[in-house]
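Novice: Mind having a look at this structure? Questions to follow.
The values are calculated or read from the model by the stated rules, or taken from the named source; none is laboratory data. Fair warning: this is a prediction, and the values are worked out from it, not measured in the lab. FYI the Cβ positions are ideal-geometry reconstructions off the backbone, even for glycines, and counts take in every protein chain you see. What goes into the accessible areas is simple: the full protein's heavy atoms, side chains included, and nothing from ligands, DNA or RNA. Shrake-Rupley method; radii C 1.70, N 1.55, O 1.52, S 1.80 Å.
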Amino acid sequence: MIMNIEKLVRKNIRSLKPYSSARDEFTGNADIFLDANENPFPSPYNRYPDPLQRELKTAISNIKNISPAQLFLGNGSDEAIDLLIRAFCEPYADAILITPPTYGMYKVCADINAVKVQEAALTPDFQLDLEKILDSVDQTTKIIFLCSPNNPSGNLLDEADVIKIVSRFNGLVVLDEAYIDFSGVPGFTPLLDQYPNLVILQTLSKAWGLAGLRLGMCFAADEIITILNKIKYPYNINISTQTIVLSKLNNQNELKKNVAIILEERELLRNKLSDIHWVKEIFPSDANFLLVRVEDATTIYTQMLNSGIILRNRSNVALCENCLRITIGTPQENKLLIEKMKTIPL
Ligand SMILES: *Cc1c(COP(=O)(O)O)cnc(C)c1O
């Protein structure tokens, strides 16, 4: 499919002349910086950060095997979700399509921006309903948001289904791969060059263990990345985040070790949970959490909370009646979780 990104983007964004910061306009070498009204007295933080995070992007590009021109970094992937909606969806006119049950931020960002939300629920086994999706899109649909592994169900979406949506939809498909490092599959980044309308989100908040630093990655055709760079806040990634992440990226062994423990614990927890009589169903998971259907989710949620353990009650979400979402903790935390659960009579 020939995708005309220029035509898809909002008119005012297409013609926008972006803010040009002092550091944007400067290239070359200098010893004395009197261009940005910074405080001259040295500290690790007296200078503005690199607005385009070049060093960090080069390092991430090498790990992900994707050109830096196809990478946008955001203050969490939530920033990328918001910017994509703002760049491509005209308020009070355009729409996004989501596939409930799914991550809540797509709808919240659309609502904030007065962008319509179309819904095509997943099937009961949490896969895409292709017919429903393709029937639901119309002229106003600019972005389809898919999440794989999906939050809150935990499963990977069928790859062939995702490809069908990407190749048939005449707009952007944003594939949120926040949990891809737990899934054991490479995900869609290796296919990026084949699909000019595919946008992939990943984050350092989950497997990488850096949620507090706020760094989200968005991979897409360089045309799309250029648009995001144009509308982002000039200095969206702060100096400490850029520096600390750079130093952590070298440590891929720690990432792999942590992921391996979490996956082992997940299956241990699955076994233990299945022995509890009020546990009805434990859904398959390719992520670092389990979706568990129980007899009375709200009672169990409250009782666990009273014991000092917070779970995520997803009972009110489509297809998740009486479901709790349980994040895999440390071995010690998981042991305590099961001990407390066993004391709930019900
Ligand atoms: C946790 C999560 C994110 C989080 O993104 P940040 O990078 O922390 O903003 C994004 N998408 C999904 C599906 C998530 O579950």
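Novice: Could you tell me the ratio Rg/Rh of the chain? Both radii from Cα atoms, Rh via Kirkwood. Don't skip to the end; give the middle numbers.
Specialist: Numbers: Rg = 21.8 Å, Rh = 21.8 Å.
Reported Rg/Rh, Kirkwood definition of Rh: 1.00.
Novice: Counting only C-alpha contacts under 8 Å and six or more residues apart, can you give the relative contact order of region 96-179 as a whole percent? Intermediate values should be presented prior to the final figure.
Specialist: Working: 128 pairs, mean separation 26.7, N = 84.
The value is 32 percent.
Novice: In addition: Given region 201-266 reduced to its alpha-carbon atoms as identical point scatterers, what log10 I(q)/I(0) does the Debye formula return at q = 0.21, 0.26, 0.28 Å⁻¹?
Specialist: Per q value, in the given order, log10 I(q)/I(0) is -0.97, -1.18, -1.25.
Novice: Please compute the per residue accessible area over the chain with all protein chains in place, 1.4 Å probe, rounded to a whole number of Å².
Specialist: Details: 16840 Å² over 346 residues.
For the chain, the solvent-accessible area averages 49 Å² per residue.
Novice: If you don't mind, there's one more thing I want to ask. Using the Cα atoms of region 192-346 to build a convex hull, what is its mean projected area in square nanometres? Please list the in-between numbers first.
Specialist: Values: hull surface 48.8 nm².
Mean projected area for region 192-346: 12.2 nm², to one decimal.
Novice: Here's something else I'd like to know. What's the Kirkwood radius of region 18-61 in Å, using all Cα pairs? Please report the intermediate quantities before stating the final value.
Specialist: Details: mean 1/r = 0.0823 Å⁻¹.
Evaluated on region 18-61, it is 12.1 Å.
Novice: For the chain, what proportion of DSSP beta bridges, expressed in % and rounded to the nearest 5, is antiparallel?
Specialist: On the way: 18 of 34 bridges.
Bridges in the chain are about 55 percent antiparallel.
Novice: If you don't mind, there's one more thing I want to ask. Could you tell me the extents of region 110-191's C-alpha atoms along the three principal axes, largest first, rounded to whole Å?
Specialist: Taking the Cα atoms of region 110-191, the three principal extents are 36, 28, 27 Å.
Novice: Now, a different point. Assuming 0.36 nm per residue, please report the length gained on full extension of the stretch Leu134 to Glu159 beyond their Cα-Cα distance. Show your work: numbers first, answer last.
Specialist: Numbers: separation 25, 0.36 × 25 = 9.00 nm, distance 1.66 nm.
My answer for the length gained is 7.3 nm.
Novice: Moving on to the next point. Under a Cβ-only charge scheme (Lys and Arg +1, Asp and Glu -1), can you give me the dipole magnitude of region 1-104 about the Cα centre, in debye to the nearest 20? Could the numbers behind the result be given before it?
Specialist: Details: 11 positive and 13 negative charges, 74 e Å.
Dipole of region 1-104, to the nearest 20 debye: 360 debye.
Novice: Could I ask something else about it? So, taking all protein chains as they sit and a 1.4 Å probe, how much accessible area belongs to Arg54, in Å² rounded to tens?
Specialist: 130
Novice: Could I ask something else about it? Rounded to the nearest 10 Å², what accessible area does Glu131 have for a 1.4 Å probe in the complete protein model?
Specialist: Result for Glu131: roughly 140 Å² accessible.
Novice: Size of the dipole of region 118-226 about the Cα centre, Lys and Arg at +1 and Asp and Glu at -1 on the beta carbon, nothing else charged, in debye to 20? Kindly include the intermediate steps, with their values, before the conclusion.
Specialist: Details: 6 positive and 15 negative charges, 63 e Å.
That gives a dipole near 300 debye.
Novice: Share of the chain's accessible area from carbon and sulfur, percent, 1.4 Å?
Specialist: Values: 8690 of 16840 Å².
After summing per-atom areas, the C and S share lands at 52 percent.
Novice: Would you work out the relative contact order for the chain, in percent, from Cα pairs under 8 angstrom that are 6 or more residues apart? List each step's numbers first, then the result.
Specialist: Numbers: 570 pairs, mean separation 60.1, N = 346.
Once normalised by length, the contact order is 17 percent.
Novice: Counting helices only, and only those DSSP H runs with n ≥ 4, report the 222 nm mean residue ellipticity of the chain as the sum of -39,500 (n - 2.57) divided by its residues, in deg cm²/dmol to the nearest 500. Intermediate results must be reported in sequence, preceding the final value.
Specialist: Values: 13 runs with 126 residues, N = 346.
Taken over the chain, the calculation gives -10500 deg cm²/dmol.
Novice: Sticking with this structure for a sec: Taking only C-alpha pairs under 8 Å that are 6+ residues apart, what is the relative contact order of region 156-245 in percent? Spell out each step's value before the answer.
Specialist: On the way: 93 pairs, mean separation 19.9, N = 90.
That works out to 22 percent.
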